[in-house]
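First comes the structure, then the notes that go with it.
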Amino acid sequence: MDRPKRFIVREGSPRMPAAKKLTSQLAVLTIGLGLVGSLWLFGAAPSPVEAVPHTISLPHPYDPDWPDIYMMLAKKCVGCHRPGTERTDLTTYEAIVEGKIGDDRMVVPGRPEDSALFLYVEWDEHAAVGSGVPRTPEMPPDKLDWLSPGQQETIKRWIANGALEYRLPDHCDITPLTELEFPSAKQCQACHPNQYDEWSRSMHAYAQHSPAFEAFNLTLMERTSGTQGTFCTRCHTPIGTALGENGNRRNIHRSRISMEGITCVACHRRSTKHYKSSGRVPVEPGKLQDVCMYGPFDNGVGGPGIGSHNSAELPYIKTSQFCGECHDVVNPQGIRLEEAFSEWQNSPAAKEGITCQMCHMGPVQGLPFQECDRPLGRAAIVPGVPEEKIPLRHLTNHTFAGPDYSLLPDTEFPEKLDWMYEKDYTDWNALSRYEQETLTELRKKNRYSLRIADEKRLELLSNAADIYVTSPQTARSGQTVNVDVTVQSKLSGHSFPTGFTAERQAWISTIVRDSQGHTIFASGDLDKNGDLRDEHSYAVLANEVQRDRYLLNFQNKFIALTSEGTERSVILSVNRHLMPINILRPADGISESFGRPPIFRIAKGSLAPLSKQSQSYPVHLPAAAGTYHVEVRLNFRHLPPTLMDHIGAPHLKHQLQVVVLKEWCGTIEVAP
């Protein structure tokens, strides 16, 4: 095949002088204007310029509004409007444009005023009497789901422009992967309301929403010049990664399905075993009715018989390996950033056959439950299908409680209303009565849901460890006494803490006060920034406070090799001491076998499963006699304040909670 010639001006080739080049260009322009003038004089005026049409001409029509129309109907309508039911099917383009409600056509291309679809959802609370526009819509029935002004305009415009969809040319058999190919959790909510409620407040749903994660990921992207790619986001938003969203994309620019994080299809559209770590899981694309959904039951109910998707068993979904695909993380250089699954593989729980799901999907978070001990119920409530057609199951809990919690306002998570994407909802006086009512109702709903999530998180953490304290009851003034503390892990499945342990803090605070309330001994207390007095404290590094010599902290630490051959504890998992070039390169050795490359490692401080660790605190009593109060606490914090400073999110520090898991109080009677 002949290729077009390429003209290259080589170095040293003669070039046209600037003045001559300008003269030549002016001559061409003069000739062009003369030709146009001649054509105009002889009646051959140039045709008017026309804008690119809104749609591509038949037989391959495309309307950019169609994806929004499809996802809108999928989330709000198809729970009831499914094939095989008495209601009009709204699950496919063909069903929508050919459907009828009585004698009225669902869609009349070019005429939204005659289309039942538009008339059923149209409303305006400020509509004048006699305008023909209702103040409340016929559908959807739930007030929180009523279409926003922007959504109504989208439906009206789509119908007015011919109600077209996206269709490939006949000779093309490759379907582009779009957001339409991954059902939203909102679609699942119609038949699985309990599972949706549990999931919606979970950290799986929050995974990509987290402002701390977004700031952390963008910081690492900057530190690695983008060479990190989607290493972090492929676990936090597997669907967004499958759609081609890169690691640098901000949340505000991500698709709605991407912001659902580990959504329903991320687990239930998996038909094969994967046996890998660090995410990048294979999720099968396809619309809800077109592709099978996989779960733990061997007698799945579904299919055209009840107007739903097909269901099949996937035993792999019940294994710890299934969870380990994202909960074991090894970066390209071989650093084992997270080892929850690896810890489980070598744990007493694994030897006893206790899986991740037994502890983290049971009725009590953190305690193992066999399948037969879980509550009975129906896994689905399908609109229009008799209850007895859905078998009773031993149900799992989809809250997935962990150490994290939402740092977002209660207007943003777990749920957000559609009209809130179109208007500044923070200006209360600018909101209509409907907007004020629904915003208030949403905040109440979100607060209730977040309260349940907090209870489950505390339930999980309270089952992590116990403390045992030995302290003298009497002593002499001026004497040095020891307060001995032992921490005993109750976890048989992994270390305490686990996960991204370089940022998880679990520590003992031991405070002794005199009868006046003055502190005479402190370990595990915080500096002015809220950090522990260790090597990561600004105050310690500036010599403003002393380092805590007796600190018992189960936090793991990143250790980087410096250019001087020494090691230094760092906050972020990027070594900029030895190699300041900010490029993330694959390992050039067998570092994964060792769990680390030669220049970077993780110092393990976490408490191994069912193990214990002790610390003795020497307390020098002053000369004054009296009653001295001893307070010992086992504390937990999911992120340290210094991390927020390093990732450019100091505004989130005030939301960091120190959770007291266990507490012991005693006294020492000091005699003269």
(message) I'd like the residue in the stretch 97-126 that is modelled with pLDDT under 95 and among the β-branched types (Val, Ile, Thr) and, out of all such residues, is surrounded by the most Cβ atoms within 10 Å (Cβ to Cβ).
(response) VAL97
(message) Please verify whether SER471 is in the same structural domain as PHE521 (by TED's automatic domain parsing) and either surrounded by 17 or more Cβ atoms within 10 Å (Cβ to Cβ) or without any contact (Cβ under 8 Å) to a residue 40 or more places away in the chain (or both), treating the condition exactly as stated.
(response) yes
(message) Conditions first: (1) without any contact (Cβ under 8 Å) to a residue 60 or more places away in the chain; (2) surrounded by 15 or more Cβ atoms within 10 Å (Cβ to Cβ). SER131 passes all but one, so which condition is the exception?
(response) (2)
(request) Within the stretch 624-653, count every residue that is in contact with a Ser or Thr (Cβ under 7 Å, 6 or more places away or on another chain), buried (at least 23 other Cβ atoms within 10 Å of the Cβ) and under 22 Å from SER462 (Cα atoms). (result) 1
(request) Kindly indicate whether any position in the stretch 241-264 is surrounded by fewer than 18 Cβ atoms within 10 Å (Cβ to Cβ), in contact with an Asp or Glu (Cβ under 6 Å, 6 or more places away or on another chain), outside the structural domain of GLU113 (by TED's automatic domain parsing) and not charged (D, E, K, R). (result) yes
(message) Looking at the structure I just gave you, is LYS423 modelled with pLDDT of 95 or more and among the basic types (Lys, Arg)?
(response) no
(message) Any residue in the stretch 531-559 that is assigned by TED's automatic domain parsing to the domain that holds SER495 and free of Cβ contacts under 8 Å to residues at least 40 places away in the same chain sitting within a Cβ distance under 6 Å of a residue that is in a helix (DSSP H, G or I) and of a type in the set (Asp, Glu)? List the pairs, counting only those 6 or more apart or interchain.
(response) none
(request) Answer yes if at least one residue in the stretch 420-428 is under 28 Å from the mean Cα position of the chain (by Cα), assigned by TED's automatic domain parsing to the domain that holds THR233 and either part of a helix (DSSP H, G or I) or touching a residue at least 12 places away in the same chain (Cβ under 8 Å) (or both), and no otherwise. (result) no
(request) Please indicate, with yes or no, whether at least one residue in the stretch 393-413 is charged (D, E, K, R), farther than 20 Å from ALA453 by Cα, out of contact with any Asp or Glu (no Cβ under 8 Å at 6 or more places or on another chain) and surrounded by fewer than 18 Cβ atoms within 10 Å (Cβ to Cβ). (result) no
(message) Going by what's in this entry, would GLY517 be described as in the same structural domain as PRO618 (by TED's automatic domain parsing), out of contact with any Leu (no Cβ under 9 Å at 6 or more places or on another chain), within 30 Å of ALA350 (Cα to Cα) and not acidic (Asp, Glu)?
(response) no
(message) With the requirement that a residue be of a type in the set (Lys, Arg) and touching a His at 6+ places or on another chain (Cβ under 7 Å), what does the stretch 374-392 give you?
(response) ARG374
(message) Based on this model, can you work out whether ASP527 counts as over 30 Å from THR474 (Cβ atoms), modelled with pLDDT under 95 and of a type in the set (D, E, K, R)?
(response) no
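The values are calculated or read from the model by the stated rules, or taken from the named source; none is laboratory data. Here the structure is a predicted model, which means the values were calculated and not measured. Because the Cβ atoms are built from the backbone with ideal geometry, glycine has one as well, and the counts that use them run over all protein chains shown.
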